[in-house]
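This report concerns only the one structure given below.
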Amino acid sequence: MPGQITVSLPDGSSRTLDAGATAADLAQSIGRRLARAAVAAVVDGAEVDLARPLPDGAKVEIVTNETPAGRTVLRHSAAHVLAQAVLRLWPGAHFAIGPPIADGFYYDFELPGGARFSEEDLGRIEEEMRRIAAEDQTFHREEHTIAEGLEIFSDQPYKSEIIRAVAEGAAGEEDAGELAGAGERPVSVYANDGGFVDLCRGPHVPSTGRLAHFKLMRVAGAYWRGDEHRPQLQRIYGTAWESSAALAEHLHRLEEAEKRDHRRLGVELDLFSFPDEIGSGLAVFHPKGGLVRKVMEDYSRRRHEEAGYSFVNSPHITRSDLFEISGHLDWFADAMYPPMELDEGHRYYLKPMNCPFHILIYRSRQRSYRELPMRLFEFGSVYRYEKSGVVHGLTRVRGMTQDDAHIFCTRDQMAAELRSLLVFVLDLLRDYGLSDFYLELSTRPEGKAVGTNEEWEEATETLRTVASTMDLDLVMDEGGGAFYGPKISVQARDAIGRTWQISTIQLDFQLPQRFQLEYVGADNSRHRPIMIHRALFGSVERFFAVLLEHYGGALPAWLSPVQARVLPVRDDHEGYAEAVADRLRSEGLRVDTAGASEPLGARIRKAKLEKLPYVLVVGDDDVAAGTVGVNRRGSERPERGVDVGPFAAALAEDVARRDPGPR
RNA sequence: GCCCGAGUAGCUCAGUUGGUCAGAGCACCCGCCUUGUAAGCGGGUGGUCGUCGGUUCGAAUCCGACCUCGGGCUCCA
């Protein structure tokens with residue numbers, strides 16, 4: 001029928017509309033609720049504004065605000081409004097890029113006269129954003145030529161730079177969200193009724209009035225194009241959601257995440273601290289934290305022993321010669337503590353890595369192919385002079401202990417060795433309670449690497465092949481390898497879905513050459529081994545932090561510093577409480593008692609705040625019957641009259657099996 | 001390293017414009033209470049207000065430098 005178009009919907013149905021109808025009209029024709037929730041549309045596979053007229057025969061999908069794609073549109077639009085607000089408040093400000101990100105958005109600015117945002121400015125900016133939202137300004141999309149684009153943004157150096165990058169076909173991925181399509185008029189901009197124009201590919205919500213549930217979170221510095229040699233801009237982070245409930249839920253999640261922050265739990269549970277007197281990024285572990293570490297390490301040692309590793313030890317400090325040979329002083333020096341001058345000009349360095357030491361152990365005598373693979377393991381403490389701004393709790397420190405091992409093997413052995421290693425890694429991590437993994441392959445860091453292209457290619461391909469057999473997602477990290485070789489890292493998602501880099505496995509053809517390592521083969525001639533560097537925890541400190549956050553401080557019984565506390569109801573039950581504690585200790589359990597100087601409720605509360613797996617209460621009935629009252633972490637109500645012997649045996653069994661509960 | 005912010009008792013925090021502003025709760029110590037599943041009562045110890053310097057008659061409060069921490073950027077186990 002002339003004057004009408006027909007479009008098809010995702011459910012296979014089709015609808016007929018007047019010619020010139022937009023995606024908004026389509027949504028409206030389907031239902032008011034859909035129209036209200038609609039923020040954009042996907043027309044024949046491309047995301048477009050709701051105001052775009054639909055071509056006849058198009059496949060159309062309405063994007064609603066509560067979907068991931070819809071939230072992205074909301075957030076991109078909110079970033080746009082943020083920029084509009086800032087330019088209203090600071091006339092002459094320059095704005096750079098403002099993309100949506102996970103849970104929110106940001107925008108980078110440069111204020112006139114070198115002015116800087118402070119946290120207090122966020123309130124004013126947010127107010128201005130609300131005003132713009134209240135004005136319900138329409139977003140108008142326009143497409144321009146390069147020349148027109150440069151004219152529109154003639155007073156905006158960062159926008160101009162992006163447009164010129166498009167013109168030269170050199171637009172990076174970062175810019176992609178900022179620009180437009182192809183063809184003669186590749187510069188797409190969005191203009192608001194208020195006279196504000198931003199470079200943007202879109203789509204945007206139809207008007208600013210659709211944005212209501214947003215909040216500015218923080219202000220931070222950020223280098224232009226992520227390059228520390230370029231100007232530093234001011235970045236404002238915000239979050240935006242489709243409803244106030246979704247926003248509130250997001251803020252609540254942030255609060256919950258804060259409660260399981262390992263730095264906070266470290267203080268609350270008396271596990272570790274960072275005394276100022278020692279210096280930034282250098283932790284001390286208190287008795288309870290030290291005990292958790294010991295349990296972690298003991299189990300790791302046991303597993304390594306079973307997996308055919310040999311245990312070695314090496315000093316924390318070495319003469320510079322070692323790191324000259326290894327190449328660390330050429331490639332890693334800026335992450336090393338400066339040297340100590342000793343013994344008439346000899347320079348000594350704290351070690352930032354263990355590998356050269358293990359290499360010297362290998363090289364201490366002639367090796368036969370019969371000894372390979374040789375797996376040398378050490379809990380090796382290393383020191384790295386991290387830049388002051390990057391130190392962060394136990395996850396980024398200046399002194400750490402790696403569960404480090406170096407495997408020396410033949411080229412023929414390396415694929416099988418890597419494969420069994422990956423299985424070993426994942427199996428071990430699962431025993432500590434992590435179960436959701438993916439792999440990352442880091443390739444040659446251009447300009448910061450030793451070795452030939454062929455060697456890197458072979459090493460990288462070997463890792464890729466092995467990784468691809470693991471039935472896990474594999475993502476690329478171009479240029480993220482170590483200076484001597486590519487690496488696979490194991491990333492784990494924790495209980496609330498955050499990802500952490502845990503293990504790293506690096507394949508190295510370089511250090512064996514630099515140290516001229518050899519083994520005598522079956523053919524009676526000398527060959528060069530290759531090396532695998534691997535740390536499964538990454539560092540004991542970081543892994544400790546990850547586990548603390550994963551469990552929210554409620555460590556499973558096998559890792560818990562105190563597995564059960566016995567509480568006598570009255571003074572006269574203390575003897576029995578001690579007897580119960582001793583009975584449990586005889587099963588190898590870690591148990592303490594808390595006498596009746598405080599009311600039972602108060603002692604229960606303290607034990608709960610310490611997140612102990614079990615609190616055992618003993619009173620008259622228990623003394624008479626040889627039982628305990630069991631208050632198990634995570635269970636609704638306590639269980640009375642439990643026989644001590646079976647309880648002790650069951651708990652000991654849970655510990656032996658590294659049972660993950662109770663939480 | 002860079003940008004923003006913060007450092008007041010072991011912890012969490014109050015301290016208006018510089019002048020009894022050195023405080024509270026928890027923790028800790030001492031008493032009393034003798035308790036059946038998340039805070040019993042009373043008393044007490046404890047801080048040169050991150051450090052050093054400056055402004056001032058007078059600084060926790062204003063200024064500067066440094067240290068440490070937090071949020072980011074860059075970097076990374």
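Candidates A:Gln513, A:Ala557, A:Gly641 compared by Cα position along the dipole of the stretch A:512-663: farthest toward the positive end lies A:Gln513, with charges placed on Cβ. Legend: calculated FRET efficiency, A:Ala625 to A:Arg430, from the Cβ-Cβ distance at R0 = 51 Å, rounded to 0.05, equals 0.80. For the stretch A:459-574, what relative contact order do you get, as a whole percent, if you take Cα pairs closer than 8 Å and at least 6 residues apart? With pairs under 8 Å counted, the relative contact order is 18 percent.
Would you mind checking the pairs A:Lys448/A:Lys487; A:Lys288/A:Lys351; A:Lys294/A:Lys608; A:Lys351/A:Lys387; A:Lys259/A:Lys387 and listing those with alpha carbons more than 19 angstrom apart? Please list the in-between numbers first.
Numbers: A:Lys448/A:Lys487 15 Å; A:Lys288/A:Lys351 28 Å; A:Lys294/A:Lys608 23 Å; A:Lys351/A:Lys387 17 Å; A:Lys259/A:Lys387 27 Å.
Violating the 19 Å Cα-Cα cut-off are A:Lys288/A:Lys351; A:Lys294/A:Lys608; A:Lys259/A:Lys387.
Please list A:161-167, A:629-635 highest first by mean number of surrounding beta-carbon atoms within 10 Å per residue.
On the way: A:161-167: 19.0, A:629-635: 16.1.
Per-residue mean Cβ counts within 10 Å order the peptides as A:161-167, A:629-635.
Taking the inverse of the mean reciprocal distance over all distinct Cα pairs, the Kirkwood hydrodynamic radius of the stretch A:4-64 comes to 11.0 Å.
Between A:Ala115 and A:Arg164, the modelled label-to-label distance comes to 2.7 nm, taking each label 7 Å out from Cα in the direction of the beta carbon.
Packing-based ranking of A:530-542, A:574-586 yields A:530-542, A:574-586, ordered from highest to lowest mean Cβ neighbour count within 10 Å. Directionally averaged projected area (the stretch A:50-125, Cα convex hull): 6.9 nm².
Here the stretch A:600-663 and the stretch A:218-257 have alpha carbon centers that stand 44 Å from each other. Averaged per residue, the stretch A:411-504 has 43 square angstrom of accessible surface, using a 1.4 angstrom probe with ligands and nucleic acids left out. Solvent-accessible area of A:Ser244, all protein chains in place: 80 Å² (probe radius 1.4 Å, heavy atoms, ligands and nucleic acids excluded). Once backbone amide H atoms are built at 1.01 Å from N, A:Glu598 has no partners under 5 Å, excluding neighbours fewer than 5 places away on the same chain.
For chain A, what % of the accessible area comes from carbon and sulfur atoms, probe 1.4 Å?
Numbers: 14500 of 29950 Å².
Answer for chain A is 48 percent, counting heavy atoms of protein chains only.
Over the stretch A:564-656, what is the relative contact order in percent, taking alpha-carbon pairs closer than 8 angstrom and at least six residues apart? Mind dumping the intermediate values first?
Values: 144 pairs, mean separation 26.8, N = 93.
Once normalised by length, the contact order is 29 percent.
In this Cβ point-charge picture (+1 for Lys and Arg, -1 for Asp and Glu), chain A has a dipole of about 1220 debye about its Cα centre. For chain A, the C-alpha radius of gyration divided by 2.2 N^0.38 Å, with N the number of residues, is 1.19. Rg/Rh for the stretch A:455-544 (Cα atoms only, Rh after Kirkwood) is 1.06.
Hey, with R₀ at 22 Å, roughly what FRET efficiency would A:His286 and A:Gln501 work out to, going by the Cβ-Cβ distance, to 0.05?
On the way: r = 26 Å, r/R0 = 1.19.
E(calc), rounded to 0.05, equals 0.25.
Normalised by residue number, the volume inside the convex hull of the Cα atoms of the stretch A:564-656 is 85 Å³ per residue. Note on A:Trp456: accessible area is roughly 10 Å² with a 1.4 Å probe, heavy atoms of protein only. Each of A:Thr401, A:Tyr484, A:Ala607 was scored by the projection of its Cα onto the charge dipole of chain A, and the greatest displacement toward the positive side belongs to A:Ala607; charges sit on the C-beta of Lys, Arg, Asp and Glu.
What the Cα atoms of the stretch A:614-663 give is an Rg and a Dmax of 11.4, 33 Å. Where both bridge residues fall in chain A, DSSP classifies roughly 85% of the beta bridges as antiparallel. Full extension of the chain between A:Arg411 and A:Asp523 gives 38.8 nm of extra length, using 0.36 nm per residue less the Cα-Cα distance. If a/c stays under 1.5 just call it rounded; otherwise compare a/b with b/c (prolate if a/b is bigger, oblate if not). Do that for the stretch A:273-403, with a ≥ b ≥ c from the square roots of the Cα gyration tensor eigenvalues. Taking the square roots of the gyration eigenvalues as a ≥ b ≥ c, the stretch A:273-403 is oblate.
When the charge dipole of chain A is built from unit charges on Cβ atoms (+1 for Lys and Arg, -1 for Asp and Glu) and taken about the Cα centre, the candidate among A:Ser435, A:Phe117, A:Val566 whose Cα reaches farthest toward its positive end is A:Val566.
What is the Cα radius of gyration of the stretch A:312-546 over 2.2 N^0.38 Å, N being its residue count? Mind dumping the intermediate values first?
Details: Rg = 17.7 Å, N = 235, 2.2 N^0.38 = 17.5 Å.
Relative to the rule-of-thumb radius for its length, the stretch A:312-546 sits at 1.01.
Sorted largest first, the spans of the alpha carbon positions of the stretch A:69-255 along the three principal axes are 45, 35, 28 Å.
Label reach from A:Gln232 (point 7 Å along Cα→C-beta): in the stretch A:383-416, amide nitrogens under 18 Å belong to A:386-392.
The values are calculated or read from the model by the stated rules, or taken from the named source; none is laboratory data. This structure is a prediction, so every number in the text was calculated from the model and none was measured. Cβ: placed from backbone, ideal geometry, glycine included. Neighbour counts: every protein chain shown. To get the accessible areas, we keep the full protein, side chains included, count just its heavy atoms, and leave off ligands, DNA and RNA. Shrake-Rupley method; radii C 1.70, N 1.55, O 1.52, S 1.80 Å.
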